[in-house]
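The block underneath contains the structure these notes are about, expressed in structure tokens.
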Amino acid sequence: MEIRSKNYSVIYDQTSHQITFDGSLRLNGSGEYALISELLNKVAQQEPQQIVLDLTQLNFLNSSGISILSRFVINVRKRQNIQMMIIGAKKNPWQSKSLKNLQRLMPSLQLELH
Amino acid sequence: MLTDSKSHLSRLFQLRQELSLAINRIIGYSDMIIAAIAENKHQDVTYLQELEQIRASGRELLTSVNIVLDPAILTGDWQSLQAMINNPQLKSQWEKTTQLVIARCQQLIPQVDQNFMLEIEQINRAANLLLQEISGLIEVVASEEFFEDIVLDIDTNPLLDNFSLADHQLAKASKGQMILVVDDSAMNREILAQQVQAEGYQAATAQDGKQAIEMIQTGAFDLILLDIIMPEIDGYQVLKWIRNSPWKHIPTIMISALEQIDSVVKCIEMGAEDYLTKPFNSILLKARLGACLEQKKWRDLESIYVQQLAQANQKISQFNNCLQVENTRLSSELEVNQKLQKMLLPKEKELQQIEALEIAGFSEAAAEIGGDYYDVVQHQGRIIIGIGDVSGHGLESGVLMLMVQTAIRTLIENNETDPKRLFEVLNRTIYKNVQRLNSDKNISLSLVDYYEGVLSISGQHEEILLSRQGKIERIDTVDLGFPLGLAESIADFVFETKIPLGKSDVAILYTDGITEAENSQGIHYGLEQLSAVVQQNWQQSAQDIRQAVIQDLRSHIGIEQVYDDITLVVLKRK
């Protein structure tokens, strides 16, 4: 499963259950984020043992995108049996605060900031 | 049988016109020759006097006919007309004058220039026809039936059918413009067509109104010369038809034997361009044809331009409508937001009444609305300063900011002092409303509570800058809270930190509109630059520090667009 556009890509690897975000996400509201939230929901529904969210190459995520990720994290947490790991990078200014907030939503979440 | 005076009158018009036809022909042709001679002054012409006599005789006859058969005199008085026409003196005078014309023609034929031979012959024929008409005139008036015959006779007179347009030698190279001559009299048609051709135009003729209308519909004509009085469909009717047709822009010059100003006025009122009276003065005709066609040329051009303009205008007005709708939407949205924000801002006067702290606030809405929030509330000796930012843009952000302001104020008024409880209730309120709005907005918010030299800070927002005697400290608020509206419960994430605020210490609160303001190279203003300006100005009053920061920020932004709301709050302990 993957979603690609000029400015960003979201790719899901089924064997490793890794979701890789790339580029810059500035979509307008939950309406434009529908495709991405659908992909995230499908991954959560499969209830794999572990989900890896790789955001190291996601330079920018707007507030609507942060909302989408927050809901995804809450969705995963509710299922209780999924391990979750988020990989970020300090070079992306938005991540230090926002990824920490995600971790707060799911205390078992592993956060790696490179 | 015609008995009523109206029909008599109508017939008299025709009678007068038929007599005038022959006379006009005499005047017209003599005029034409005289004009041609006048153009070639070097030629010594010996017969000019005879020609002028012919023309003078023609004019004399026309004047007399017009006086005797004046419609104004004739109206309803059939008896007086009969008496006048039966007057043998009148008849003999007309005959005598006409015979003089014929005699002059006989004199001219042997000596006249070959180029004018045709014209002299036409004058001769017209004069002979006129003589016949005059001799039959008494019977015409006496017997109405005979009158009818005469009319028919004139219309089918073989003499008049002999004319052929193609024969005429005066036709010059065509100017390409086509003129329609409409006259029921073959003689008038001929004179006019020849004169028109002499001016270098193409001419076509129609013998009645019906034919004229058919021909006009071919769209081939640039100008119409239209006789007023014609049997069946007369000139008025044709003119009326033209004005209501797609050919209404073809200029129409009325021609009439009636010099009455009434008929001319009527035609001009109906849309005729101009008029010509019989006999036709060739110079006048030339001038009027030229003027009308020139006018038409410009009018045609004008109508093309007008059409193009109309199309362009239509497009512009469509764009304009779209723009107006969009502008109205944008400006009203912007206005509502700006009003909301302005209404809720603490007033300068309020701030000046605070005893312990100098507080200077600044908030400016961007073209696209964010939803910055700042407030200063005094409650039971505490001074609570809130600063926040609703994510995203637009009306929704403004509405959420209003909710946040109201909710915080409500909680403070309700003596809520515990930050965990305050933020939990606040978040739940906002979260539920955000759910109801089906919105994905969230709000970052810090509350700074000053009480007796201590700042109690809670809630997650930007870093807070602190100046202690010019030494800058940064207070991270990430661990003090959680964005409002994202999660159902945030109580577990809310903490409070207490920081002493000494005399002359300065605390700076701001939104990311300041730190992320871009210059022309896209470089952010940044926290470091903000710190530097505060460091340089910490000794100033809160108002002056605010002014220094805003000034420096503006010089950084330059002419670039401001994308986000800008909010700054400067606190300084007195």
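Coordinate-derived values only; no laboratory data. Because the structure is a prediction, the values reported are computed rather than measured. Note: ideal-geometry Cβ built from the backbone for every residue, glycine included; neighbour counts use all protein chains shown.
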* Structure fact -> Taking a ≥ b ≥ c as the square roots of the eigenvalues of the Cα gyration tensor, with a/c under 1.5 meaning rounded and otherwise prolate when a/b exceeds b/c and oblate if not, region B:345-573 is oblate
* **For B:Ile508, B:Ile559, B:Ile255, order by how many other beta-carbon atoms lie within 10 Å, fewest first** => B:Ile559, B:Ile255, B:Ile508
* Structure fact -> Plugging the Cβ-Cβ distance of B:Arg554 and B:Met270 into 1/(1 + (r/R0)^6) at R0 = 45 Å yields, to the nearest 0.05, a FRET efficiency of 0.05
* Would you please classify the overall shape of region A:38-114 from the alpha carbon gyration tensor, given that a ≥ b ≥ c denote the square roots of the eigenvalues, rounded means a/c under 1.5, and beyond that prolate means a/b larger than b/c while oblate covers the rest? => prolate
* Quick one: go through region A:33-49 and flag any residue whose amide nitrogen is under 16 Å from the point 7 Å out along the Cα-to-Cβ line of A:Met85. => A:48-49
* Net charge of Cβ neighbours under 15 Å - reference A:Gln18; Lys, Arg +1; Asp, Glu -1 -> -4
* Structure fact -> Summed over the other residues with a beta carbon less than 13 angstrom from that of A:Glu38, with K and R at +1 and D and E at -1, the charge totals 0
* Asked: In whole Å, what is the distance between the alpha-carbon centres of region B:302-320 and region B:93-124?
  -> 61 Å
* For A:His114 and B:Ser489, FRET efficiency with R0 = 30 Å and r from the beta-carbon atoms, rounded to 0.05? -> 0.45
* Within the protein assembly as shown, percent of DSSP bridges classed antiparallel, to nearest 5 -> 65 percent
* For region B:163-293, what does the alpha-carbon gyration tensor say about shape, rounded, prolate or oblate, given a ≥ b ≥ c as the root eigenvalues, a/c under 1.5 as rounded, and a/b over b/c as prolate? -> rounded
* Asked: Fewest first, what order do B:Met215, A:Met85, B:Met32 take by the number of other Cβ atoms within 10 Å?
  -> A:Met85, B:Met215, B:Met32
* Asked: Roughly how many nanometres apart are two label points built 7 Å out from the Cα toward the Cβ at A:Gln14 and A:Gln49?
  -> 1.9 nm
* Report the paramagnetic label zone for B:Ser303: residues of region B:226-251 whose backbone N is under 17 Å from a point 7 Å from Cα along the Cα-to-Cβ axis. => B:239-251
* To do: Partner chain Cβ atoms within 10 Å, averaged over the residues of B:536-543 - can you pull that number for me?
  => 0
* **Whole-angstrom gap from region B:505-574 to region A:41-114, using each part's C-alpha centre** => 33 Å
* Sorted by Cβ density within 10 Å, fewest first, the residues B:Val65, B:Val562, B:Val448, B:Val454 -> B:Val454, B:Val562, B:Val65, B:Val448
* To do: Evaluate E = 1/(1 + (r/R0)^6) for B:Glu528 and B:Tyr451, where r is the Cβ-Cβ distance and R0 equals 41 Å; express this FRET efficiency to the nearest 0.05.
  => 0.85
